[in-house]
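The values are calculated or read from the model by the stated rules, or taken from the named source; none is laboratory data. Since we're looking at a predicted model, the values are computed, not measured. Methodologically, a virtual Cβ is constructed for each residue, glycine included, from the backbone with ideal geometry; neighbour enumeration extends over all protein chains shown. Heads up: the accessible areas ignore ligands, DNA and RNA and are worked out on the full protein's heavy atoms, side chains in. Shrake-Rupley method; radii C 1.70, N 1.55, O 1.52, S 1.80 Å.
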Amino acid sequence: MSGTFSNGFVVPNVIKEANGGTTTVGLMNNSESSIPVYWTFHNQESGHVADGCFVMTAKDYEPFVWADRAGTGMDGYRGYLVFAVGTTATGAGAPPLCGTADAAATLAASGPILAGSAFYVDPVNKDVAFTPVIDGPLTIPAGNNLTTLGPDSVTAVGGAASLTTANNQTFAMRYFVDGAPGGNDTAIVVWSTGDQRGTYTVNMFDNAQNRRSVNFQLDHAELDWFNPETIAGRPSTFVDGFISWMPKAAAVSGIPSGVTRTHITARNTSVFTYSVISAPAFGAVQTVLGAHTIR
């Protein structure tokens, strides 16, 4: 569900550009007390890159501009952000919030605490594009320190589709293209808590219910995107429609050598998709969330 308060959230697609473009996040503390908010920037393989912590007072709003927080050498470096509320230490002699010895390095219990929104600010095109936030609650198993989150630390996010051994999810991912450079373009973003690399065979539909079986490839483990306009075998008339995708191992080939990839539904896994559509007729970039159903 979108727009809810919990113990944290994920911004699935974050970048700082050399031209000044950057992802910005707004956070709201709905609680009646001060909270430590730990953030971690992961790369597209979910590897830890950078982290930090800041304190939000009761009913506080905090702007978080990635260009101001990213540090050096981060131009063009794409990844995702996890914001997690830490438990607060209490009692005489308790260390300060965000202190290095603070017990706040463990995830707070889920509750109506933190919510956020995000945008990509594009100064070149004078545009601000909506970036979806995946609401919590976050699932971070005990033993994980919020200051050292790694590739396997976040196992599920409440606002994403949940894949388990008992169900599969089918996603409908929108596209709007025209086959011409600089015209109607779409980037379909896929984020998950499990390794999703490989080539997927899927059904592609146009806006007249016509179907064509095609393939798309994901090269990065947890954050990736693809351009439906460049899909080999796409009929030239397929310019407006959706792609039906069921993320499971049976539909995947071309897994890189050395990657151990169990069936994606073998454990609880969160998956989230959305389309970023740019069209001259819009005059601005549009974001369309991927819909999903349980099969």
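Data table
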{"read-out": "Verdict on ASN184 being open to solvent by 60 Å² or more (accessible area, probe 1.4 Å) and over 18 Å from GLY79 (Cα atoms)", "value": "no"}
{"read-out": "In the stretch 127-174, residue farthest from HIS48 (Cα to Cα) [restricted to those that are in a loop (DSSP other than H, G, I, E, B) and among the hydrophobic types (A, V, I, L, M, F, W, C)]", "value": "ALA166"}
{"read-out": "Filter pass, PRO151 being free of Cβ contacts under 8 Å to residues at least 60 places away in the same chain and open to solvent by 60 Å² or more (accessible area, probe 1.4 Å)", "value": "no"}
{"read-out": "Scan of the stretch 27-60 for residues that are small (Gly, Ala, Ser) and surrounded by fewer than 18 Cβ atoms within 10 Å (Cβ to Cβ), ordered by number", "value": "SER33, SER34, GLY47, ALA50, GLY52, ALA58"}
{"read-out": "Cβ pairs under 9 Å, 6+ apart, first in the stretch 53-68 and within 23 Å of ASN13 (Cβ to Cβ), second open to solvent by 50 Å² or more (accessible area, probe 1.4 Å) and at pLDDT 95 or above", "value": "TYR61/MET28; GLU62/MET28"}
{"read-out": "Any chance ASP224 is touching a residue at least 60 places away in the same chain (Cβ under 8 Å) and on the phi < 0 side of the Ramachandran plot", "value": "yes"}
{"read-out": "Failed item, numbered, when PHE282 is tested on (1) open to solvent by 60 Å² or more (accessible area, probe 1.4 Å); (2) among the aromatic types (Phe, Trp, Tyr); (3) modelled with pLDDT of 85 or more", "value": "(3)"}
{"read-out": "Some residue of the stretch 200-219 being touching a residue at least 60 places away in the same chain (Cβ under 8 Å) and either of a type in the set (Asp, Glu) or at positive phi (or both)", "value": "no"}
{"read-out": "Residue under evaluation GLN209, criteria (1) open to solvent by 60 Å² or more (accessible area, probe 1.4 Å); (2) in contact with a strand residue (DSSP E or B) (Cβ under 7 Å, 6 or more places away or on another chain); (3) of a type outside the set (D, E, K, R), criterion not met", "value": "(2)"}
{"read-out": "Close pairs (9 angstrom Cβ cut-off, 6 or more residues apart or separate chains): within 27 Å of GLY194 (Cβ to Cβ) and open to solvent by 30 Å² or more (accessible area, probe 1.4 Å) in the stretch 230-250, at pLDDT 95 or above and small (Gly, Ala, Ser) anywhere", "value": "PHE242/ALA172; PHE242/SER275; SER244/ALA172"}
{"read-out": "In the stretch 1-26, the residues that are open to solvent by less than 10 Å² (accessible area, probe 1.4 Å) and over 25 Å from GLY76 (Cβ atoms)", "value": "SER6, ASN7, GLY8"}
{"read-out": "Answer from PRO96, PRO112, PRO63 - the residue that is modelled with pLDDT of 90 or more, part of a loop (DSSP other than H, G, I, E, B), open to solvent by 60 Å² or more (accessible area, probe 1.4 Å) and more than 28 Å from ASP195 (Cα to Cα)", "value": "PRO112"}
{"read-out": "Segments classed as strands (runs of 3 or more DSSP E), wholly inside the stretch 175-270, with at least 1 members that are modelled with pLDDT under 90", "value": "198-206"}
